[in-house]
1. How many percent of DSSP beta bridges within the chain run antiparallel, rounded to 5?
2. Can you figure out the FRET efficiency of residue 84 with residue 262, using R₀ = 30 Å and their beta-carbon distance, to the nearest 0.05?
3. Name the residues of the range 98-137 whose amide N is less than 18 Å from a point 7 angstrom out from the Cα of residue 172 along the C-beta direction?
4. Skipping prolines and chain starts, which residues have an amide H placed within reach, meaning under 5 Å, of the one on residue 228, given they are 5 or more residues away or on another chain?
5. Roughly how many whole Å is it from the C-alpha centroid of the range 304-332 to that of the range 100-162?
6. Between residue 154 and residue 314, what length comes free when the chain is fully extended (0.36 nm per residue of separation minus the Cα-Cα distance, one decimal in nm)?
7. Note down the nm distance, to one decimal, between modelled labels 7 Å out along Cα→Cβ at residue 182 and at residue 235.
8. In Å, what is the Rg of the alpha-carbon atoms in the chain, and how long is Dmax?
Amino acid sequence: MVANAAIKFNEVHDEEFEKNFKENLLEKEISDFSKEFQNQPKKGSCPCCESKNLETEFSCLGFDHSRCQDCDTLFIDPCPPEDRIIDFLNNSKAFALWREMPEHVKKSRMKMYHERLAQVKSIIAEHSPKKENLRVLEIGSGNGEMAELMCEDDLFSEIHMIEPQELNLKHDKINLFRGSFAEFKKPGAVDVVISYEVLEHLVEPEDYFKLAQESLAPGGIFIFTTPNGDSLEIKVLQQKSPTVPFDHIRLYTPKALRNFMERFSFETLELKTPGKFDVDIILRNGSKGPFAKEITLFEDFLNQNEEFKQSLQKFLVEKQQSSHMVCVAKKK
Ligand SMILES: [Zn+2]
């Protein structure tokens, strides 16, 4: 098992590659794209709890972000429709660069996938009624990194994947479906559904939770991650937070996920924000945000107190204020 504490920010994030991707390409593309939607009417209700008690928190690259005052979800409103988002992603030069990332960047990101696999296996060991020959559904598979790792592991017998992009994965265990959640023909009940960093990209979340619920065998385990809109990092950096910009269109919170789990008949087993990099992210981006002066003063203090820096990160995790959120639930 990969030791959790051993991974450092720089080991999974290539700063030069990510800076070029975000600042030189993506931000300009998003600013151009957002012009089309600025005068559209707002949805005016929360995508999680449907509350109309909302406040506009800030604007990021031309998109207004509203905060639900009941479940704290932060979301783009007005939001482009799903088909326009898909067009944007397919035509984006920035995302093309992301998909064709250099080998050394791919290699450094593999640590993250090994860590995810270790996490999935430990959750299965603790919570899954079935412990061998597991059938898995992965919703949103990126470049297929996780699926390929699972193929090499005897614990898993079948890997079903739903992913909009074409992937060239050749393995007997893999069954890839390209299309919408509604069109997906379920392969019969699976034991585990996993989904990393997908929910924040979806305009309407209902079909996603329905798919997970209907695909699982009774007692089956649903593991998903999504950024936490209620994190210190977002509150401090606001529109300069790397977690905020499009196409992260909905940033849910622990409260919002509990609401979803209840509504879609899941029992929540674990709901955590086990992030490791919030303090690093605040310090790296602080000079661009609304509290630049305060963060510079704080940075000097933190740099002289490594122990305090670590305990601050620990505090954020304990208080569910980290921007990385993991939910583990069981089908009722
Ligand atoms: Zn809400």
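Each reported figure results from applying straightforward, stated rules to the coordinates on display, with no laboratory input. These numbers come from a predicted model, not from an experiment. Reconstructed Cβ throughout: ideal geometry from the backbone, glycine too, with neighbour counts over all protein chains shown.
1. So the antiparallel bridges in the chain amount to around 55 percent.
2. On the way: r = 31 Å, r/R0 = 1.05.
Once the sixth-power term is evaluated, E becomes 0.45.
3. Within reach of a label on residue 172: 133-136.
4. Answer set, sorted by chain and number: 324, 325.
5. Comparing the Cα centres of the range 304-332 and the range 100-162, I get a distance of 23 Å.
6. Roughly 54.2 nm would be gained on extension.
7. Taking the simple label geometry, residue 182 and residue 235 are separated by 3.9 nm.
8. For the chain, the Cα radius of gyration and maximum Cα-Cα distance read 19.6, 57 Å.
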